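Right, one structure below, let's go through it.
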Amino acid sequence: MKKKWISIMALFVLMVSMMLPMNAFAADNSTDNSQKAINEKLGVPIIVYGANLSESEKATVKEALQVEDEAEVDEITVSGEDLAKYISDGNPSSRMYSSAKITREDAGKGLIISIVTPDNITQVTSEMYANAMLTAGIEDATVEIAAPKPVTGHSALVGIYKAYEVKTGETLNTERTDVANDELSVATQIAENANVSDEQIAELLTGIKKQIAELNPATKEEVEKIVEDQLANLNIELSEQDRQLLVDLMDRISKLDIDFSKLSDQLTELTSTFEEKYGELFQDEGFWNGVKNFFNKLIDTISTWFK
C-alpha cells in the first residue's frame, strides 16, 4: 500500500507542476553567465531611458530590463521634446522616467508586452500598451517596460515610438501616435471612473475595434451604436462624459488607415509578465480550493486502480 501511495503522490506532484508556471518550481542555481546571441537578421535590442533618470535610477532600470544579459544593445534617451513630437498637446517640459527595452520580432510574432516593475507602473497595463501601440502602427515586437519609482506609465509609450523608429527606420504616422496616446488616456480614465477591471477595458477596446473592422461604419452615429453594443455586452456603465470620450475616440480610430483584422491577429499574441498574470494566483483561495477538489477526485480515481 505504501508503494501505491508513493506513486499517487508522485503523479500529484507531476500534475501540479504541469498546471503552474514552470519557473514557479525552478531554483535559480544556474552559473551560466553566457550572453544571448546577436540577432543579425533583426538587430540588437534597443534600450530607451527616460531623460530625467538619475545615475542610480538608471542603474536600477538597467537591472530590471536585464540589459547586461544582452550581447549588445543600442541605447537612446527620450525627453519631453520627444513627447511633443509624437503627441500634439504633449508638454516638452515633462519629466520622463519610464523606460523600455524593445526587441524586434519576425512578422507574425505579435506584441509581447512585459511590465517588469509592475509596482512602479501605476495606471497603464500591458493590454493598454498593446492596444495603443497597435493603433499607432507598431507590430511584432517584444517590449519590456520599467520605472525606478511609481509613475503612471504614459511616458514609456513615447519612448517606444522613438525606439521603434530608430530600430526599423520607419516613420510613424503622428496622427496615429496622437490617437494612440488619447486611447491610453481614455482607457485609464474609464478604468478609474467606472471601477472596472483592466481586463474588461482591454476587452472593450478590442471588441469595439473588431466591430469597426467588420461593419466599416460610415458615420459617427454608427460608431456610437457599436460602442453602446459593446458596453452592453460587457455590462459596463459609463458616465455620459466618459461614454462620449469613448465614442469620439473610436470615431477618430475608425477614420485611420488601420488593418483591423491584422490588429486582431496581433492582439491574440498579447502576453504579460509572470507577476501580472500569476502574482496573485498563489494567494487566491478559490484557485487552491479548485486544485484541492481536482486532486481529491484524481486520487479517488487512481485509488480504484489498486483495488
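Read through the list (1) touching a residue at least 60 places away in the same chain (Cβ under 8 Å); (2) of a type in the set (D, E, K, R); (3) in a helix (DSSP H, G or I), then give the number of the only condition that ASP106 fails.
(3)
I'd like the full set of residues that are under 22 Å from GLY137 (Cα atoms), touching a helix residue (DSSP H, G or I) at 6+ places or on another chain (Cβ under 8 Å) and not β-branched (Val, Ile, Thr), limited to the range 109-122. First the steps, then the outcome.
Keep residues of the range 109-122 that are under 22 Å from GLY137 (Cα atoms), which gives 109-115.
Pick out the ones that are also touching a helix residue (DSSP H, G or I) at 6+ places or on another chain (Cβ under 8 Å) and you get 110-111, 113-115.
Listed by number, the residues that qualify are GLY110, LEU111, SER114.
Go through the range 232-255 and give me each residue that's of a type in the set (Val, Ile, Thr) and not in a helix (DSSP H, G or I). Quick ask: steps written out before the conclusion?
First, the residues of the range 232-255 that are of a type in the set (Val, Ile, Thr): 236, 247, 253.
Answer for the range 232-255, where residues must be of a type in the set (Val, Ile, Thr) and not in a helix (DSSP H, G or I): just ILE236.
Could you list all residues from the range 68-89 that are of a type outside the set (A, V, I, L, M) and closer than 16 Å to GLU165 by Cβ? Step through it out loud before you land on a result.
Initially, the range 68-89 is screened for residues of a type outside the set (A, V, I, L, M), giving 68-70, 72, 74-75, 77, 79-82, 85-86, 88-89.
Across the range 68-89, the qualifying residues are ASP74, GLU75, THR77, SER79, GLU81, ASP82, LYS85, TYR86.
Of everything in the range 150-163, what is surrounded by fewer than 24 Cβ atoms within 10 Å (Cβ to Cβ) and either in a helix (DSSP H, G or I) or among the charged types (D, E, K, R) (or both)? Give them in sequence order.
Across the range 150-163, the qualifying residues are HIS154, LYS162.
Out of the residues in the range 169-208 meeting the condition of being within 16 Å of VAL227 (Cβ to Cβ) and in a loop (DSSP other than H, G, I, E, B), tell me which one is modelled with the highest pLDDT.
Filtering first and then ranking leaves ALA194.
What number of residues within the range 71-103 satisfy the criterion of being in a loop (DSSP other than H, G, I, E, B) and either in contact (Cβ under 8 Å) with a residue 12 or more places away in the chain or in contact with a Gly (Cβ under 8 Å, 6 or more places away or on another chain) (or both)? Break it down into steps so the answer makes sense when it comes.
Of the range 71-103, the ones in a loop (DSSP other than H, G, I, E, B) are 71-73, 79, 87-98.
From what is left, the residues that are either in contact (Cβ under 8 Å) with a residue 12 or more places away in the chain or in contact with a Gly (Cβ under 8 Å, 6 or more places away or on another chain) (or both) are 71-73, 79, 87-88, 90-98.
Matching residues across the range 71-103 total 15.
Identify all residues within the range 209-231 that are outside any helix (DSSP H, G or I) and either under 14 Å from GLU183 (Cα atoms) or hydroxyl-bearing (Ser, Thr, Tyr) (or both); write none if there are none.
First, pick out the residues of the range 209-231 that are outside any helix (DSSP H, G or I): 216-219.
Of everything in the range 209-231, just one residue is outside any helix (DSSP H, G or I) and either under 14 Å from GLU183 (Cα atoms) or hydroxyl-bearing (Ser, Thr, Tyr) (or both), namely THR219.
State yes or no: is ILE258 modelled with pLDDT of 85 or more, in contact with a Leu (Cβ under 9 Å, 6 or more places away or on another chain) and closer than 25 Å to ALA191 by Cβ?
Numbers: modelled with pLDDT of 85 or more: no; in contact with a Leu (Cβ under 9 Å, 6 or more places away or on another chain): yes; closer than 25 Å to ALA191 by Cβ: yes.
Taking the combined requirement at face value, the residue does not satisfy it.
Taking into account only those residues within the range 66-112 that are within 15 Å of HIS154 (Cβ to Cβ) and β-branched (Val, Ile, Thr), which is surrounded by the fewest Cβ atoms within 10 Å (Cβ to Cβ)?
Checking each candidate, the answer is ILE87.
The values are calculated or read from the model by the stated rules, or taken from the named source; none is laboratory data. Everything quoted here is computed from the prediction, not taken from an experiment. We place every Cβ from the backbone using ideal geometry, glycine too, and count neighbours over all the protein chains shown.
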